[in-house]
Amino acid sequence: MIYLFLSGKSSAYLDDIFTTLHLPSGMVHSYKFACMGQSSVVDVSAVKEKCEKGSAVMISYVDRTAEGDGRVYVPLRHGVLDGCELQDGQLYYDVCL
């Protein structure tokens, strides 16, 4: 299982959240995350070396404004990895929703 996390931190991520919820099943959507070595925002399950086409994907919203431990994870949608590419310090995940 590959875990991709979205937040409301930027308008691009908000757009990904609404697109993830809106697109019909079978559509492919591309998600982009910064990849900066040890300080990567990508979960260890989603590093390029572990990504295989056909892998199950869970896309979740991360609410960083929650009280207590400071983060609440809300599953948005399941999908299947269609491809993963590292380009210019960014990881692009194509996910069939």
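The values are calculated or read from the model by the stated rules, or taken from the named source; none is laboratory data. Computed from a prediction, not measured in an experiment: that's the story for all the values here. Note that we place each Cβ from the backbone using ideal geometry, even for glycine, and neighbour counts take in every protein chain shown.
Residues of region 1-14 that are within 14 Å of VAL62 (Cα to Cα) and either surrounded by 12 or more Cβ atoms within 10 Å (Cβ to Cβ) or charged (D, E, K, R) (or both): TYR3, LEU4, PHE5, LEU6, SER7, GLY8, LYS9, TYR13, LEU14. For region 83-93, a residue qualifies if it is buried (at least 17 other Cβ atoms within 10 Å of the Cβ) and more than 12 Å from ALA34 (Cα to Cα), and exactly one does: CYS84. Inside region 62-97, can you point out the residues that are over 12 Å from TYR3 (Cβ atoms), free of Cβ contacts under 8 Å to residues at least 60 places away in the same chain, part of a strand (DSSP E or B) and not charged (D, E, K, R)? Across region 62-97, the qualifying residues are VAL72, VAL74, VAL80, GLY83, CYS84, LEU86, GLN87, GLN90, LEU91. Restricted to region 9-48, and to residues there that are polar (S, T, N, Q) and outside any helix (DSSP H, G or I), the residue that is modelled with the lowest pLDDT is SER40.
Answer with yes or no whether VAL72 is of a type outside the set (Phe, Trp, Tyr) and modelled with pLDDT under 85. Taking the combined requirement at face value, the residue satisfies it.
Under 6 Å by Cβ, and 6 or more places apart or on different chains, what pairs join a residue from region 1-20 that is free of Cβ contacts under 8 Å to residues at least 40 places away in the same chain with one that is part of a loop (DSSP other than H, G, I, E, B) and surrounded by fewer than 17 Cβ atoms within 10 Å (Cβ to Cβ)? Hits for this filter: LEU14/GLY8.
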